[in-house]
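The values are calculated or read from the model by the stated rules, or taken from the named source; none is laboratory data. Values in this document were obtained by computation on a predicted structure and should not be read as measured data. Don't worry about glycine lacking a Cβ; one is built from the backbone with ideal geometry, like all the others, and counts go over all protein chains shown. Heads up: the accessible areas ignore ligands, DNA and RNA and are worked out on the full protein's heavy atoms, side chains in. Shrake-Rupley method; radii C 1.70, N 1.55, O 1.52, S 1.80 Å.
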Amino acid sequence: MLFFYLRSAIRSITRKQLFSLLNIAGLAVGITIFFLSLEFYSYEKGFNRFHPHLDRLFRVGISGTDGKTAAVFPPLAPLLEQQVSGIHRAVRLAQNFNDGAIISIPPDTGKAPVRSFREEGCVFADPAFLETFHFPFIAGRNGLDKPNTVVITSSVARQLFGQSQAVGHVIILHNQFGQLPVTVTGVTADVPEQSDIRFRYLLSIHILEDPGYTEGSDWAKLTTWGNDSYSTFVWLDPQADPGKVAATATQLWQKYDPGYARKKGTLFLQPVADMHLGRNWKDDYPTYASYALTTTVLILGILILCIAWINYINFATADALSRAKEVGIRKVVGSRNSQITWKYVAESILLNSSGILLACMLTGAVQSLFNYITGKPLALGYMNNLGILALAVGILATGSIACGAYTGLMLSHLKPISAIQLNDPGKPGHALVRKGLVIFQLTVSCLFIALTLVAFQQVHFMKKQNLGMDIDRLVVIDGPVSKDSTFLIKSLVFRTQVAALPFVERLSCSGSVPGIGSGHNFSTDGITGSVARTGDDHTEYSISEIDEHFFDTYRIPVLYGADFSHTDAYKGFKGNRVIINETAARMLGYEPATATGRIIHWDKTYSIIGVARDYHHRSLKEPIEPIIYIAVHNNGYYTIKTDPAGLAKKMAVIQQMYEQLYPGNSFNWHPLQETFDQLYADDQRTIIVALSLSVLIIIISGLGLIGLAAFTARRRTKEMGIRKVLGASTPSLFFQLSKEYLWLVLLAFIIATPLAWVATRQWLQSFAFRIDPSWWLFLLAGILCLCFTILTITFHTLRTSLTNPVRQLRSE
């Protein structure tokens with residue numbers, strides 16, 4: 001029986017080649033989108049799964065009045081391991097100390113030059129880190145229990161030492177604390193792509209116990225409770241209760257942290273398995289994804305696949321009249337309804353299987369483009385999880401069977417005589433189903449068009465919005481990391497030489513610049529105005545170290561008071577004069593116009609000499625933060641203003657000066673406008689994804705409309721012939737055939753508009769500065785959907801309205 005069904009299905013498919021090709025093409029496109037969405041979902045869900053005992057690994061976080069954070073204090077981990085029952089290991093990672101560090105390789109001989117690399121991914125770690133997490137060694141051992149040691153990844157080993165043995169070599173770390181020789185004790189395999197914990201160099205955390213290395217900086221001590229920049233992970237015993245462990249840990253924090261009364265909050269444990277898709281977290285890890293976005297992508301993939309299946313049903317329904325005689329004859333000779341239904345199920349499975357094979361080829365063809373759009377290294381190989389494979393097979397099998405079953409059940413219930421005579425108008429329910437499916441397609445099309453238009457307007461708004469400063473023609477040069485005893489003199493010489501260049505209009509040095517990283521040197525709380533108010537202790541202020549030329553270079557006006565002087569910048573933190581922005585003035589309890597001359601209390605008392613205008617130091621996704629500016633000749637970044645013409649040659653001139661004065665440091669520069677454009681790269685990708693999905697949905701929906709238009713035209717052939725004989729004009733016939741589609745579009749527009757409004761409002765909530773979606777955007781989406789519908793059905797409706805009425809009346 002199965003062989004009979006398959007043979008009959010193959011005969012039906014090959015007999016109607018055009019119908020079959022259109023069906024397979026539509027199914028292939030829908031399944032391709034489904035595969036791509038499943039890749040994305042599998043990739044994001046697969047993070048951190050390679051660690052053994054994953055169910056017992058947790059990250060320590062703080063839940064406070066200002067939300068949740070994964071940044072905790074360095075004394076916490078050893079305290080937890082020593083005093084909390086149920087914790088097998090507690091380890092620390094310091095992610096941020098060495099961003100932009102320089103790694104240099106001493107020469108084997110005195111004649112060879114020193115080789116230097118600007119590196120990221122330098123992380124301080126406890127020795128037990130490599131026991132807690134699975135990063136296997138390929139050479140050497142874990143030597144992080146000793147100071148001045150480092151473990152590197154295999155890619156770093158190849159970069160630094162080629163094919164030579166890396167273990168035992170000495171490399172020199174240059175960062176804000178100066179130079180430090182460290183010995184390579186081991187080489188691990190490269191960190192897997194699907195890992196939230198990333199590193200290239202694992203430095204022994206015992207290095208930070210040496211006050212000589214950290215230059216006595218209190219914030220860098222492992223015993224300080226004032227530095228909340230560490231990530232802490234715990235490995236629990238099998239029977240430990242995470243909730244009870246977190247409660248005990250909070251009690252210890254309250255007991256040992258002298259500043260707990262000011263910080264407050266509770267500790268909690270987040271499973272490492274859930275880290276990647278965490279929400280509302282202020283995390284330092286760059287690989288975090290959105291749970292909502294990941295789930296939405298999968299739902300969209302399934303939705304588009306359903307639209308492709310709706311097309312199949314519409315095509316099959318449109319073809320039903322030509323196959324009605326076949327069904328009638330089968331029923332006359334004794335075929336049961338179930339046999340007829342299974343025949344169409346077999347046909348559906350064959351067509352869907354062909355679509356799956358074609359989809360696999362299409363997925364490979366568009367994989368590179370999809371990876372560019374998403375910014376992720378996706379591939380079908382990520383769908384290797386048993387649960388994901390079961391989900392994919394279940395969805396595809398269910399849809400394939402359901403499509404064939406619906407078509408088969410509809411045809412099998414035709415009366416034999418009516419089917420043979422082709423005069424069965426079909427049950428009203430079937431017409432409602434067909435129209436309902438088309439309304440669903442049009443609703444989704446209208447919805448995606450509206451979402452794309454709003455997203456485009458929001459990104460355009462952000463890119464064209466006045467930032468409150470002038471970044472045009474500004475170029476940022478990364479300052480040196482490797483420094484020696486003559487650095488202060490050399491930095492003064494460098495700034496003097498660059499400022500004297502004829503093409504440099506302005507020059508500023510600062511510890512941070514807008515749009516890069518966090519945008520500030522650091523942030524802190526505990527700052528109050530002249531009169532302390534409730535809650536002031538919990539307000540965080542961003543601290544930026546700038547020189548006396550910063551505001552002039554960036555064209556940020558000091559609205560009230562005065563700018564910094566050279567003397568202010570020379571004194572640095574030894575001085576007591578600050579400038580604040582308007583937001584900081586209000587949060588301190590001052591009006592910006594009257595804040596000049598007032599004071600703030602921090603580690604000492606500072607006098608406010610000026611109030612700068614608020615500007616967007618970061619992207620428009622972020623609110624304008626309160627900023628306190630300290631005058632310092634910080635050489636972290638150099639900002640120059642110059643004409644962009646011949647920029648590469650100009651920067652080559654500066655590079656010669658830079659490399660001469662700062663040997664061992666790599667020269668990096670970038671136009672600031674490009675940096676700000678990158679802040680919206682993800683949102684531009686979102687637009688591309690939304691636009692691509694909109695086009696695909698419209699194409700697939702168009703195929704479905706063609707099927708329905710063909711069905712309607714064939715049903716009303718005689719009616720149109722009679723109308724023409726009675727004197728109806730071609731335009732009136734065209735309107736008669738088209739008007740039901742216009743009602744479908746109108747109904748779809750009514751359904752889609754509130755959905756689009758809610759969806760766009762929800763999406764726009766993630767932007768601190770956002771547009772208010774205009775009503776005409778939603779109307780335009782409806783008009784575009786209407787135009788698309790009319791263009792799609794025009795061929796069939798015009799052909800029917802222009803056909804000779806004699807041929808129409810003889811169609812029997």
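Note down the nm distance, to one decimal, between modelled labels 7 Å out along Cα→Cβ at Phe50 and at Leu755.
It works out to 4.0 nm between the two label points.
How much accessible surface area, in Å² rounded to 10, belongs to the heavy atoms of His460 with a 1.4 Å probe?
It works out to around 100 Å².
Subtracting the Cα-Cα distance from 0.36 nm times the residue separation, let me have the gained length for Thr794 to Gln82 in nm, one decimal.
Details: separation 712, 0.36 × 712 = 256.32 nm, distance 7.73 nm.
Result for the pair: 248.6 nm of gain on full extension.
Solvent-accessible area of Phe769, probe 1.4 Å, all protein chains present, reported in Å² to the nearest ten, please.
Counting only protein heavy atoms, Phe769 exposes about 60 Å² to solvent.
Extension gain Tyr570-Ile783, at 0.36 nm per residue separation less the Cα-Cα distance, in nm?
70.3 nm
For Ser231, Ser530, write out the residues from largest to smallest accessible area, computed with a 1.4 angstrom probe and no ligands counted. Numbers along the way, then the final one.
Numbers: Ser231 10, Ser530 65 Å².
Order by accessible area, largest first: Ser530, Ser231.
Whose amide H sits under 5 Å from the amide H of Ile87, counting only residues 5 or more places off or on another chain, with H placed in the peptide plane?
The list, which skips near neighbours in sequence, is Asp237.
If you plug each phi of region 346-355 into the Karplus form 6.51 cos²θ - 1.76 cosθ + 1.60 with θ = phi - 60°, what whole-Hz ³J(HN,Hα) values come out, in order, with x for Gly and Pro?
Working through the residues one at a time gives 4, 5, 5, 5, 5, 5, 5, 5, 5, x Hz.
Rolling a 1.4 angstrom probe over the protein chains, ignoring ligands and nucleic acids, what is the accessible area of Ser485 in square angstrom, nearest 10?
Rounded to the nearest 10, that gives 120 Å².
Mind ranking 555-562, 151-158 by how tightly packed they are, going by the mean number of other C-beta atoms within 10 angstrom, highest first? If you can, show how the numbers build up before the last one.
Values: 555-562: 17.1, 151-158: 21.5.
Most protected by this proxy first, the peptides run 151-158, 555-562.
Given labels modelled 7 Å from the Cα in the Cβ direction, how far is it in nm from Phe503 to Arg685?
3.4 nm
Go through region 668-674 residue by residue and turn each phi into a ³J(HN,Hα) via Karplus (6.51, -1.76, 1.60, θ = phi - 60°); whole Hz please, and just put x for glycine and proline.
3J(HN,Hα) across region 668-674, in whole Hz: 10, 9, 7, x, 5, 4, 5.
Each label point is 7 Å from the Cα along the Cα-to-Cβ direction; what then is the distance between the points at Trp775 and Asp677, in nm?
Simple spin-label model gives 3.7 nm for this pair.
Under 5 Å between amide hydrogens, which residues at least 5 positions from Thr153 or on another chain qualify, with H placed 1.01 Å from N in the peptide plane?
Under 5 Å from the amide H of Thr153: Thr188.
Would you rank Tyr606, Tyr382 by solvent-accessible area, highest first, keeping every protein chain in place and using a 1.4 Å probe? Intermediate values should be presented prior to the final figure.
On the way: Tyr606 5, Tyr382 50 Å².
Reading off the accessible areas and sorting them downward yields Tyr382, Tyr606.
Given H placed 1.01 Å from N in the peptide plane, which residues other than close sequence neighbours of Ser666 have an amide H under 5 Å from its amide H?
Sorted by chain and number, the residues that satisfy this are Arg118.
Using 1/(1 + (r/R0)^6) with R0 = 30 angstrom and r between the beta carbons of Ala189 and Ser353, what's the FRET efficiency to the nearest 0.05? If you can, show how the numbers build up before the last one.
Numbers: r = 39 Å, r/R0 = 1.31.
For R0 = 30 Å, the calculated efficiency reads 0.15.
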